[in-house]
Amino acid sequence: MATALGADAGACERGETAFLVRVDGFKTRTGMLRVQLYGDNPADFLAKGRKLRRIDLPVTRSGRMDVCIALPTPGTYVVAVRHDLDGDGKSGWSDGGGFSRNPRLSLLRLKPEFRDVVVRAGAGVSPVDVQLQYRRGLSIGPVAAG
């Protein structure tokens, strides 16, 4: 297992209730990565001020980023990830993002349905894979494998 990153890395190392968010598919290796956690209330999903936890860290030079995010209890949650390419803290058209369960996104539907992104966490560390997606012309999707 790769070394967990972020302020909650110790939770994963100790086997506490946590998600190991495995983020891949970076367009560039610049800027900041933000991992946010939302609870089981669909009304709170992506609502301002309603996240349970947020981890911000610089994008690593290479490879998948394994970010640990501690959970209050086993249960159902949503993970939202944003790659802020220029690190300015603001959402831009070039920034990438993704969600737990990797739903298909479009310019007309940037926010997926709650039911399509909710994941269950048991006791211990649960892996959550997130494939980043970026705007490509008039569509949104993963970066093409080079």
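The values are calculated or read from the model by the stated rules, or taken from the named source; none is laboratory data. None of the values given here were measured: they were computed from a predicted structure. Quick reminder, even Gly has a Cβ in these numbers, built from the backbone with ideal geometry, and neighbours come from all protein chains shown. Note: accessible area is taken over every heavy atom of the protein model, side chains too, but ligands, DNA and RNA are not part of it. Shrake-Rupley method; radii C 1.70, N 1.55, O 1.52, S 1.80 Å.
Count, please, the residues in region 48-59 that happen to be touching a Lys or Arg at 6+ places or on another chain (Cβ under 7 Å) and either modelled with pLDDT under 95 or exposed (fewer than 15 other Cβ atoms within 10 Å of the Cβ) (or both).
Looking only at that region, the number is 1.
Can you tell me which residues in region 70-84 are surrounded by 20 or more Cβ atoms within 10 Å (Cβ to Cβ) and under 10 Å from the mean Cα position of the chain (by Cα)?
Val78, Val79, Ala80, Val81, His83
Identify all residues within region 40-65 that are part of a loop (DSSP other than H, G, I, E, B) and more than 18 Å from Gln131 (Cβ to Cβ); write none if there are none.
As a first pass, look at region 40-65 and keep what is part of a loop (DSSP other than H, G, I, E, B): 40-41, 45-52, 59-64.
Correct list: Asp40, Asn41, Phe45, Leu46, Ala47, Lys48, Gly49, Arg50, Lys51, Leu52, Arg61.
I'd like to check something: does region 118-126 contain any residue that is closer than 20 Å to Phe26 by Cα and out of contact with any His (no Cβ under 6 Å at 6 or more places or on another chain)?
Within region 118-126 (the criterion being closer than 20 Å to Phe26 by Cα and out of contact with any His (no Cβ under 6 Å at 6 or more places or on another chain)), the answer is no, since none of the residues qualifies.
From the set of residues in region 32-47 that are among the charged types (D, E, K, R) and in contact (Cβ under 8 Å) with a residue 40 or more places away in the chain, which is least open to solvent (accessible area, probe 1.4 Å)?
So, considering only residues that are among the charged types (D, E, K, R) and in contact (Cβ under 8 Å) with a residue 40 or more places away in the chain, the one least open to solvent (accessible area, probe 1.4 Å) is Arg34.
Given the criterion under 18 Å from Leu33 (Cα atoms), open to solvent by less than 90 Å² (accessible area, probe 1.4 Å) and at pLDDT below 95, identify the matching residue among Pro127, Pro142.
When all the criteria are applied, what remains is Pro142.
Yes/no per residue for (1) touching a strand residue (DSSP E or B) at 6+ places or on another chain (Cβ under 6 Å); (2) small (Gly, Ala, Ser):
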position	(1), (2)
Gly31	yes, yes
Gly49	no, yes
Thr73	no, no
Ser94	no, yes
Gly97	yes, yes
Asn102	yes, no
Glu113	no, no
Val117	yes, no
Ala123	no, yes
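Mind checking which pairs have a first residue in region 3-31 that is part of a loop (DSSP other than H, G, I, E, B) and a second that is aromatic (Phe, Trp, Tyr) and surrounded by 14 or more Cβ atoms within 10 Å (Cβ to Cβ), Cβ under 6 Å, 6 or more apart or different chains?
Close Cβ pairs satisfying both conditions: Lys27/Tyr134.
Of all the strands (runs of 3 or more DSSP E) wholly in region 81-146, which have at least 2 residues that are within 19 Å of Asp40 (Cβ to Cβ)? Don't jump to the end; show me each part of the working.
Details: elements: 96-99, 119-121, 125-131, 134-136, 139-141.
Per the criteria, 119-121, 125-131.
List pairs: first residue in region 48-64 and within 18 Å of Val79 (Cβ to Cβ), second residue among the polar types (S, T, N, Q) anywhere in the structure, Cβ distance under 6 angstrom, at least six positions apart or on different chains.
So the pair list comes out as Lys51/Gln36; Arg54/Gln36.
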